[in-house]
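The values are calculated or read from the model by the stated rules, or taken from the named source; none is laboratory data. Just so we're clear, the structure is a prediction, and the values are computed from it rather than from any experiment. With ideal geometry, Cβ positions are generated from the backbone for all residues, glycine too; neighbour counts draw on all protein chains shown.
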Amino acid sequence: MRLELFQAFTIALSFITTLITVNTFFNNKNKEHQQESLLLDKKLTLLEVKQQNQQLELKEHKRRLDNHDKQNENIIRLTEQISALSDKVDKIDEKLEGEIK
């Protein structure tokens, strides 16, 4: 009777040990999965922040290019006006030279 009780106790102890081992294994796997998930969330957040910064930088570059385009248009207009004024000054100079002679 004692032997049978001892064998039953040994079997129950082995079963409980197996359950604890399996439970520990899956808990560790779950913790690893949670850590990986947190790490991926952090990476995703960093990528989102980086993308937002790049979008802001792109907007700033577009704004600067637009400003450069406006400045170039103004420079072209000023150049045309200076050219027209130079022509007028040349004509006035020619008239004055003609009157002086």
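Residue-by-condition table, conditions (1) modelled with pLDDT of 95 or more; (2) surrounded by 10 or more Cβ atoms within 10 Å (Cβ to Cβ); (3) under 55 Å from the mean Cα position of the chain (by Cα):
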| site | (1), (2), (3) |
| --- | --- |
| L13 | no, yes, no |
| K29 | no, yes, yes |
| K59 | yes, yes, yes |
| K62 | yes, yes, yes |
| N72 | yes, yes, yes |
| T79 | yes, yes, yes |
| K101 | no, no, no |
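Assessment of the range 34-45 against the conditions (surrounded by fewer than 10 Cβ atoms within 10 Å (Cβ to Cβ), assigned to a helix (DSSP H, G or I) and of a type outside the set (G, A, S)) yields no matching residue.
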